[in-house]
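Since the structure comes first, as structure tokens, the remarks are kept for the end.
The values are calculated or read from the model by the stated rules, or taken from the named source; none is laboratory data. Everything numeric in this text was worked out from a predicted model, so none of it was measured. Ideal geometry is used to build each Cβ from the backbone, glycine not excepted, and the neighbour counts take in all protein chains shown.
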């Protein structure tokens, strides 16, 4: 049994960018989306589901259509799982999880963190061919003076100047923008996906509900854009969320392409985010933010893996000094 959640009014917005590129081959894959309130189309969203889009999504098989036993073979971290006997708990889980995500979107403030990035090129057997390691200052800024509010994430150097992640010109994958991955389960965007309660499991000794979702091609206002020498192409995702059974906080989230995009060579992009509770030292706010992110992609026969580690989150403030002439 599947559940299509009915829309509920809430005003949220987000800008999420994460790119995966091979600059040496003249290709830059940059999945990105700009999300606006439910029912409002936005730049980068899927605008049509014509013959090409139908063929695109026909090439994929959503998690929702796969028996749990087969899904475990494809996603080993699902094991051990106690499969759900029915879907009666799904409405309650989605409602309470949506409330938690809404609270996060309401409470998030400007943040700075230390980010370590390891980029790898892999062989078809997934052994490491080459790798490189970088460190950045990572900023998450919320613009509440705009309507709806806009959030942006970017990297800076030691002096605070914005920088792009290194490695793209050497043919590595470039990925970023994970703070708002939970937005798929927000109250506003749940109606744009179909959900299935897979069962119960554990994450770091936490009892969790495990819920799969897939975006609905004809109902979404939020999409990711694949950008390269071919231009821009909108793609949708599917995913699995591990949700704490006491707090209804998303503690782990995995997303995959809903189907392999045609003609551009991207056959897989898997993003796995582990969230951790972050208590800001100068406020009473506790936020669940990415602590570890792994991205695996397959592009034109080349495999890539990026690991991101985030530490030392703190509230980011800009001070202005006014001096007399």
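Given the criteria under 22 Å from residue 89 (Cβ atoms), at pLDDT 95 or above and part of a loop (DSSP other than H, G, I, E, B), does residue 248 qualify?
Numbers: under 22 Å from residue 89 (Cβ atoms): yes; at pLDDT 95 or above: yes; part of a loop (DSSP other than H, G, I, E, B): yes.
In short, yes.
Just one of 191, 217, 260 is surrounded by fewer than 21 Cβ atoms within 10 Å (Cβ to Cβ), under 18 Å from residue 100 (Cα atoms) and within 18 Å of the chain's Cα centre (by Cα); which is it? Let's see the steps before the verdict.
Numbers: 217 fails: under 18 Å from residue 100 (Cα atoms); 260 fails: under 18 Å from residue 100 (Cα atoms).
Of the residues listed, the single one that is surrounded by fewer than 21 Cβ atoms within 10 Å (Cβ to Cβ), under 18 Å from residue 100 (Cα atoms) and within 18 Å of the chain's Cα centre (by Cα) is 191.
From the residues in the range 96-109 that are surrounded by fewer than 16 Cβ atoms within 10 Å (Cβ to Cβ) and touching a strand residue (DSSP E or B) at 6+ places or on another chain (Cβ under 8 Å), which one is nearest to residue 144 (Cα to Cα)?
109
Among residues belonging to the range 82-95 that are buried (at least 19 other Cβ atoms within 10 Å of the Cβ) and under 24 Å from the mean Cα position of the chain (by Cα), point out the one that is farthest from residue 252 (Cα to Cα).
Pass one, the range 82-95, residues buried (at least 19 other Cβ atoms within 10 Å of the Cβ): 84, 90, 93-94.
Adding the requirement that they be under 24 Å from the mean Cα position of the chain (by Cα) leaves 90, 93-94.
Numbers: 90: 18, 93: 15, 94: 15 Å.
Only one residue tops the list, namely 90.
Could you list, in sequence order, the residues of the range 279-310 that are surrounded by fewer than 19 Cβ atoms within 10 Å (Cβ to Cβ), within 22 Å of residue 106 (Cα to Cα) and over 15 Å from the mean Cα position of the chain (by Cα)?
279, 280, 281, 282, 283, 284, 285, 286
Here are 117, 128: which of them is loosely packed, with under 13 Cβ neighbours inside 10 Å and touching a strand residue (DSSP E or B) at 6+ places or on another chain (Cβ under 6 Å)?
Details: 117 fails: loosely packed, with under 13 Cβ neighbours inside 10 Å.
Exactly one of 117, 128 is loosely packed, with under 13 Cβ neighbours inside 10 Å and touching a strand residue (DSSP E or B) at 6+ places or on another chain (Cβ under 6 Å), namely 128.
Can you name every residue in the range 202-213 that is surrounded by fewer than 23 Cβ atoms within 10 Å (Cβ to Cβ), touching a residue at least 24 places away in the same chain (Cβ under 8 Å) and either part of a loop (DSSP other than H, G, I, E, B) or in contact with a helix residue (DSSP H, G or I) (Cβ under 7 Å, 6 or more places away or on another chain) (or both)?
The one that is surrounded by fewer than 23 Cβ atoms within 10 Å (Cβ to Cβ), touching a residue at least 24 places away in the same chain (Cβ under 8 Å) and either part of a loop (DSSP other than H, G, I, E, B) or in contact with a helix residue (DSSP H, G or I) (Cβ under 7 Å, 6 or more places away or on another chain) (or both): 204.
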